[in-house]
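Visitor: A single structure is presented below for examination.
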Amino acid sequence: MNNLNNGTDVAHHIRMDTQPPAIEFRNVFLSFDDRPVLNDVSFVLNAGEMILLTGISGSGKSVLLRLAIGLLKAASGQILINGQNIEAMDESELLAVRGGLMGIVFQEDTLFTGLTVYDNAAYRLTEHGWPEEEIEKRVAEVLEFVGLDGEEKKYPEELSGGMKRRLEMARALIGWPSIMLFDEPTISLDPLAAVKVMDLVMRARDVNHISSLYVTKKIHELDYLANYRAQATEGALAIVEAPATALPNTRVVVLEEGRVVFSGTVQEFKVSELPAIRELVTLDHHDHAKDPYFADPWDKQRRPNETIL
């Protein structure tokens, strides 16, 4: 049930087909204290694709991300990143993967409170010995991308919750890794700040062509990320509703008790009668009809309450 969108350039798909998957899990098992956490998990994240990974709390989503980036090791099975077995890598090879090939945004706040916005954003590149001149260029680029240019000298305690989350995004995106992992990045944010973060995720996906695993329990986010895209409109970059013939390359994967029980399009997800999916939908009680949407989230004329986000 993989989602291949008809409107995407055929040559682009041919080119992608020659690439190894960005991430591949092959029959992966993991237990904690004899309690199965992931049970025979197999899936493929193709280059340029976004997988929207969902499931109730405790289904194994966050553990899967930590396995993908090598922070945990599987009990058995294989995990391949761009065709390379991450399970066979030593610590220096894993650090190289985390330093350049992959980025991750965790649920929890992982900013360094004693470092400025600039130094938090620069941290990964500094740790890997990039030249200072190149670091300055990359920091300026990524802070502009997340809308924090001009805030370089501030400390995390001086930032709102939404700004902190965007700084987490900047630190993960610096250097433009080809693969991104997002672990419920909007979990603690109000609706407007959450939209800004999702728009950044889409810009990274559609403009920078980053492959991504996006974990969420917020069902309305699946629709937004699967049906909107970033594109140049009248000389500016905006988030627009995608036509049915040019939808983003997304797929929903559902975990239940550590197993993959569904893989398909958002449309297939919405009509599925699987108990795991019906439970997720039932838990989402909020009416999202009035949630904010801004074609340009950085337009100061349309976000007067920025300072309190």
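The values are calculated or read from the model by the stated rules, or taken from the named source; none is laboratory data. Treat the numbers as computed from the prediction; the structure is a model and nothing was measured. A quick note on method: Cβ atoms are made from the backbone with ideal geometry, for glycine too, and the neighbour counts reach across all protein chains shown.
Results for (1) among the small types (Gly, Ala, Ser); (2) under 22 Å from the mean Cα position of the chain (by Cα); (3) surrounded by 17 or more Cβ atoms within 10 Å (Cβ to Cβ); (4) within 20 Å of ASP199 (Cα to Cα), shown as yes or no for each residue.
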residue: MET102; (1), (2), (3), (4): no, yes, yes, yes
residue: ASN120; (1), (2), (3), (4): no, yes, yes, no
residue: GLU132; (1), (2), (3), (4): no, no, no, no
residue: LYS137; (1), (2), (3), (4): no, no, no, no
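Visitor: Something else now. Please indicate, with yes or no, whether at least one residue in segment 91-112 is modelled with pLDDT of 90 or more, in a helix (DSSP H, G or I) and either out of contact with any helix residue (DSSP H, G or I) (no Cβ under 9 Å at 6 or more places or on another chain) or of a type in the set (A, V, I, L, M) (or both).
Guide: Scanning segment 91-112 turns up no residue that is modelled with pLDDT of 90 or more, in a helix (DSSP H, G or I) and either out of contact with any helix residue (DSSP H, G or I) (no Cβ under 9 Å at 6 or more places or on another chain) or of a type in the set (A, V, I, L, M) (or both).
Visitor: If you check LYS73 against the conditions, is it among the basic types (Lys, Arg), closer than 30 Å to SER160 by Cα and either at pLDDT 95 or above or out of contact with any Phe, Trp or Tyr (no Cβ under 8 Å at 6 or more places or on another chain) (or both)?
Guide: no
Visitor: Follow-up question, since we're still on this one. Please specify each residue of segment 217-273 satisfying the condition of being of a type in the set (Phe, Trp, Tyr) and either within 26 Å of PHE29 (Cβ to Cβ) or touching a residue at least 40 places away in the same chain (Cβ under 8 Å) (or both).
Guide: The answer is PHE262, PHE269.
Visitor: If you don't mind, another one. Among the residues of segment 185-215, which ones are buried (at least 22 other Cβ atoms within 10 Å of the Cβ), under 18 Å from SER59 (Cα atoms) and either polar (S, T, N, Q) or at pLDDT below 95 (or both)?
Guide: PRO185
Visitor: Further question on the same structure: Condition (residue is in contact with a helix residue (DSSP H, G or I) (Cβ under 6 Å, 6 or more places away or on another chain) and at pLDDT 95 or above) applied to segment 20-34: is it met by at least one residue?
Guide: Scanning segment 20-34 turns up at least one residue that is in contact with a helix residue (DSSP H, G or I) (Cβ under 6 Å, 6 or more places away or on another chain) and at pLDDT 95 or above.
Visitor: Would you please name the residue that is farthest from ALA68 (Cα to Cα), looking only at residues in segment 229-250 that are at pLDDT below 95 and hydroxyl-bearing (Ser, Thr, Tyr)?
Guide: THR233
Visitor: Inspect all residues belonging to segment 83-92 and state whether any of them is of a type in the set (Gly, Ala, Ser) and over 27 Å from TYR123 (Cβ atoms).
Guide: yes
Visitor: Select from segment 113-124 the residues that are farther than 28 Å from PHE25 by Cα and part of a helix (DSSP H, G or I) and list them in ascending order.
Guide: Scanning segment 113-124 gives VAL117, TYR118, ASP119, ASN120, ALA121, ALA122, TYR123.
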